[in-house]
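*Asks:* Structure in structure tokens, see below.
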Amino acid sequence: MSIVVETLETRTLSLKGYTILIIEDNPNNLGVIVDYLEETGLKVVVARNGEMGLKRAQFAKPDIILLDVIMPGIDGFETCRHLKVDEKTQDIPVIFMTALDDPEDKLKGFGVGGVDYITKPIQHEEVLARITTHLNICDLTIKLKAKVEELTQTRNELIQSEKMASLGRLVAGFAHELNTPIGVAVSAASILEERHQAIIQIIEQEEVDEEDLISALDRIKETAALTLSNLRRASNLVSSFKRTAIDQSSDEIRQFDVNIIIKDIINTLNNQFKRTMIEIKVNCPSQLIIYSIPGALEQILTNFMMNSLIHGFEEGKNQGLINIDVQLLSDKLHLEYSDTGKGIQPDMLSKIFEPFFTTHRAHGGSGLGLYICYNLVTNQLKGQMACESTINEGVTFRINFPVEISLPKS
Ligand SMILES: Nc1ncnc2c1ncn2[C@@H]1O[C@H](COP(=O)(O)OP(=O)(O)OP(=O)(O)O)[C@@H](O)[C@H]1O
Ligand SMILES: [Mg+2]
């Protein structure tokens, strides 16, 4: 459907494809206006009273309704009320036609859901101008709604793909992390085998030297301890990975210990931070057990930490401090995350939560990290997020969100 309004004078209006319903009891008023409107290409449907008007509105599905105020039976205001409570008709714009020039009545018309009014005697050009305006507004509203839906859909897809990307990073980081303890445990196990061989040799000698035997057994004990500690580290990593992977792939609300989540994230990112001179300090009450969405919190912390590493400390080349401070204040979790990195310029600070804002595009930054964090905090966690920064001193992110608290298990 399209609306072409050239000039009112030339009457080259094309309202083809649109339907108007006129509810009016006076046939004298109807004839002239119907002819006039049909000339513009509008399909005109007429009803002689309120009840009939409601029925026609259901079947003809008009794009707009012209509604007389004073009619026998249910009056225009009542008819409009009915139209506005019915799902099928509530979005159709209603223009009142009234002989009444009383401001009270005009207000009443708006009060029951009318979008406009025209006073009788009706000026044809005025009617047409108002109809065209409201059809235009309707069209724009429909387009706007579609755009909003499209944007919401795109945003959800972006959030989903970022989630998958961070899951990918998590798996890669985890595989790398697991390499060291497993590697050490494998070497230690092969040393155990050699040491076992050495003991057999000692025993097979004619005269067994007790000292040699004890020191060989001690070495076995040390190597077994090394194997065990590395396998324990691997096992802890697997548990932490399992928790993080499950959390990151779901938006589930569950009970968790905030400290453990923070440690899991630091563990997961250890590979990126271990060769840097960045110190990480966590100040969080122990046994802070809450009900919330751990996956969201993990994703936010991961983004903050990666941003500090990449932007604040120049890919980990600079030394500095990351401070994570958590407090529970009147049923809200307050998390303050700060780094002592290079900071964000004042003119950029207002843009960092926007999608695609990045100073790192050339190095693969997408500019979605903080946008996603902001959405997670405000939409999923129903909280607030703000950022402050002083150039060359660092950045502070403050988030707070409501949480359900449960008593620590005894
Ligand atoms: N801790 C920080 N220190 C300095 N600048 C920062 C910090 N965190 C964010 N920024 C600035 O904010 C911008 C936006 O960050 P955001 O995480 O949204 O995108 P990105 O890191 O550039 O890309 P990605 O989508 O890969 O995360 C960054 O490009 C950087 O300029
Ligand atoms: Mg980022």
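*Asks:* So how strong a dipole does the range 251-410 carry about its Cα centre when Lys and Arg Cβ are +1 and Asp and Glu Cβ are -1, to the nearest 20 debye?
*Replies:* For this selection, approximately 220 debye.
*Asks:* Something else about it: Going Cα to Cα from residue 43, which lysines come in below 21 Å? Please leave out same-chain ones fewer than 8 positions away.
*Replies:* The reachable lysines, counting only those whose Cα sits under 21 Å from residue 43, are 16, 55, 61, 88.
*Asks:* Please build a GNM for the chain, connecting alpha carbons under 10 Å apart, and tell me which residue among 352, 260, 20 fluctuates the most.
*Replies:* Maximum fluctuation in the GNM of the chain, among the listed residues, is at 20.
*Asks:* Just for the chain, what percent of DSSP beta bridges are antiparallel, to the closest 5?
*Replies:* On the way: 30 of 53 bridges.
Among the beta bridges of the chain, antiparallel pairing accounts for roughly 55 percent.
*Asks:* Now for a different question. Grab the Cα-Cα distance for residue 180 and residue 356, subtract it from 0.36 nm times how many residues apart they are, and report the gain in nm with one decimal.
*Replies:* Between residue 180 and residue 356, full extension yields an extra 59.7 nm.
*Asks:* Report relative contact order for the chain in percent, whole number only (criteria: Cα-Cα under 8 Å, sequence separation at least 6). Spell out each step's value before the answer.
*Replies:* Values: 618 pairs, mean separation 37.1, N = 410.
Answer for the chain is 9 percent.
*Asks:* Moving on to the next point. Can you give me the Rg/Rh ratio for the chain, using Cα atoms for both radii and the Kirkwood formula for Rh?
*Replies:* Working: Rg = 36.0 Å, Rh = 27.9 Å.
Computed over Cα atoms, the ratio is 1.29.
*Asks:* Using 1/(1 + (r/R0)^6) with R0 = 22 angstrom and r between the beta carbons of residue 169 and residue 319, what's the FRET efficiency to the nearest 0.05? All intermediate terms of the calculation are to be shown ahead of the outcome.
*Replies:* Numbers: r = 24 Å, r/R0 = 1.08.
Here the calculated transfer efficiency is 0.40.
*Asks:* Please report the relative contact order for the range 226-336, taking Cα pairs under 8 Å with a sequence separation of at least 6, and give it as a percent rounded to a whole number. Walk me through the numbers on the way to the answer.
*Replies:* Working: 130 pairs, mean separation 34.2, N = 111.
That works out to 31 percent.
*Asks:* Also: When the dipole is taken about the Cα centre of the range 58-161, and only Lys, Arg (+1) and Asp, Glu (-1) are charged at their Cβ, what size is it in debye, to the nearest 20?
*Replies:* Details: 12 positive and 18 negative charges, 64 e Å.
That gives the range 58-161 a dipole magnitude of about 300 debye.
*Asks:* Using a basic spin-label model with each label point 7 Å from the Cα along Cα→Cβ, how many nm lie between residue 84 and residue 123?
*Replies:* Spacing of the two 7 Å Cα→Cβ label points: 2.7 nm.
*Asks:* Do you know the relative contact order of the range 19-122, to the nearest whole percent, from alpha carbon pairs under 8 angstrom that are 6+ apart? Could you put the intermediate results ahead of the total?
*Replies:* Working: 174 pairs, mean separation 25.8, N = 104.
Answer for the range 19-122 is 25 percent.
*Asks:* Right, something else. Along the charge dipole of the range 221-262, pointing to its positive end and built from +1/-1 on Cβ of Lys, Arg, Asp and Glu, which listed residue (228, 256, 245) has its Cα farthest out?
*Replies:* 228
*Asks:* Here's something else I'd like to know. For residue 276 and residue 232 in the same chain, what is the full-extension length gain: residue separation times 0.36 nm, less their Cα-Cα distance, in nm? Can you show the working numbers first?
*Replies:* Numbers: separation 44, 0.36 × 44 = 15.84 nm, distance 2.50 nm.
Fully extending the segment from residue 276 to residue 232 adds 13.3 nm.
*Asks:* Just the Cα atoms of the range 103-151, one point each, no solvent: what log10 I(q)/I(0) does Debye give at q = 0.17, 0.19, 0.20 Å⁻¹?
*Replies:* Ignoring solvent entirely, the Cα scatterers give -0.67, -0.76, -0.80.
*Asks:* Here's a follow-up. Straight-line reach from residue 382: which lysines fall under 23 Å, measuring Cα to Cα and dropping same-chain residues less than 8 apart?
*Replies:* 163, 332, 351
*Asks:* For the pair residue 386 and residue 287, what calculated FRET efficiency results from E = 1/(1 + (r/R0)^6), where r is the Cβ-Cβ distance and R0 = 25 Å, to the nearest 0.05?
*Replies:* Numbers: r = 28 Å, r/R0 = 1.12.
The value I calculate is 0.35.
*Asks:* Roughly how big is the range 158-249's charge dipole about its Cα centre, with Cβ charges of +1 (Lys, Arg) and -1 (Asp, Glu), in debye to the nearest 20? If you can, show how the numbers build up before the last one.
*Replies:* On the way: 9 positive and 14 negative charges, 259 e Å.
That gives a dipole near 1240 debye.
*Asks:* A follow-up question, please. Give me the percent of the accessible area of the chain that comes from carbon and sulfur atoms, probe 1.4 Å, all protein chains in place. Present the calculation step by step, with values, prior to reporting the outcome.
*Replies:* On the way: 12330 of 22710 Å².
C and S atoms contribute 54 percent here.
*Asks:* Same structure, new question: Highest GNM mean-square fluctuation, the chain, Cα pairs closer than 10 Å: which of 339, 347, 264?
*Replies:* The residue that fluctuates most here is 347.
*Asks:* Additional query: Accessible area per residue for the range 158-249 in Å², computed with a 1.4 Å probe and the full protein assembly in place, what is it?
*Replies:* Working: 5870 Å² over 92 residues.
With the other protein chains kept in place, the range 158-249 gives 64 Å² per residue.
*Asks:* In nm², what is the average projected area of the convex hull enclosing the Cα atoms of the range 158-249? Write out the running numbers ahead of the final one.
*Replies:* Values: hull surface 24.4 nm².
So the Cα hull casts an average projection of 6.1 nm².
*Asks:* Additional query: If each DSSP helix of 4+ residues adds -39,500 (n - 2.57) and the sum is divided by the residues in the chain, what number results at 222 nm, nearest 500 deg cm²/dmol? Before the final figure, lay out each step's value.
*Replies:* Values: 11 runs with 203 residues, N = 410.
So the helix-based figure for the chain works out to -17000 deg cm²/dmol.
*Asks:* If the cut-off is a Cα-Cα distance under 19 Å, which aspartates and glutamates reach residue 342, setting aside same-chain residues fewer than 8 apart in sequence?
*Replies:* 279, 314, 315, 388, 393
*Asks:* To the nearest 0.05, what FRET efficiency results for residue 153 and residue 198 with a Förster distance of 60 Å applied to their C-beta separation?
*Replies:* Numbers: r = 67 Å, r/R0 = 1.12.
In this case the efficiency is close to 0.35.
*Asks:* Taking Cα atoms, how many degrees apart are the long axis of helix 210-248 and the longest axis of the chain, rounded to 10 and kept between 0 and 90?
*Replies:* The two axes meet at around 0 degrees.
*Asks:* Extension gain residue 379-residue 329, at 0.36 nm per residue separation less the Cα-Cα distance, in nm? All intermediate terms of the calculation are to be shown ahead of the outcome.
*Replies:* Numbers: separation 50, 0.36 × 50 = 18.00 nm, distance 2.05 nm.
Separation in residues times 0.36 nm, less the Cα-Cα distance, equals 15.9 nm.
*Asks:* To the nearest 10 degrees, how steep is helix 76-85 against the longest Cα principal axis of the chain, on a 0 to 90 scale?
*Replies:* 20
*Asks:* Moving on. For helix 124-204, report the angle its Cα long axis makes with the longest principal axis of the Cα atoms of the chain; keep it between 0 and 90° and round to the nearest 10°.
*Replies:* 10
*Asks:* Any idea which of 358, 77, 284 is furthest toward the positive side of the dipole for the chain, if Lys and Arg beta-carbons carry +1 and Asp and Glu beta-carbons -1?
*Replies:* Working it through, the farthest residue towards the positive pole turns out to be 77.
*Asks:* From the residues 205, 180, 268, which one has its Cα farthest along the dipole of the range 163-268 in the positive direction, the dipole being from +1 and -1 charges on Cβ of Lys/Arg and Asp/Glu about the Cα centre?
*Replies:* Ranked along the dipole, the leading option is 268.
*Asks:* Determine the per residue accessible area of the range 251-410 with all protein chains present and a 1.4 angstrom probe, expressed in square angstrom. Could the numbers behind the result be given before it?
*Replies:* Values: 8060 Å² over 160 residues.
With all protein chains present, the range 251-410 gives 50 Å² per residue.
*Asks:* Which value, in Å² and to the nearest 10, is the accessible area of residue 193 when all protein chains are kept and the probe is 1.4 Å?
*Replies:* Per-residue accessible area (residue 193): approximately 130 Å².
The values are calculated or read from the model by the stated rules, or taken from the named source; none is laboratory data. Quick caveat, the model's predicted, so the values are computed rather than measured. Because the Cβ atoms are built from the backbone with ideal geometry, glycine has one as well, and the counts that use them run over all protein chains shown. Accessible surface areas use protein heavy atoms only, side chains included; no ligands, DNA or RNA. Shrake-Rupley method; radii C 1.70, N 1.55, O 1.52, S 1.80 Å.
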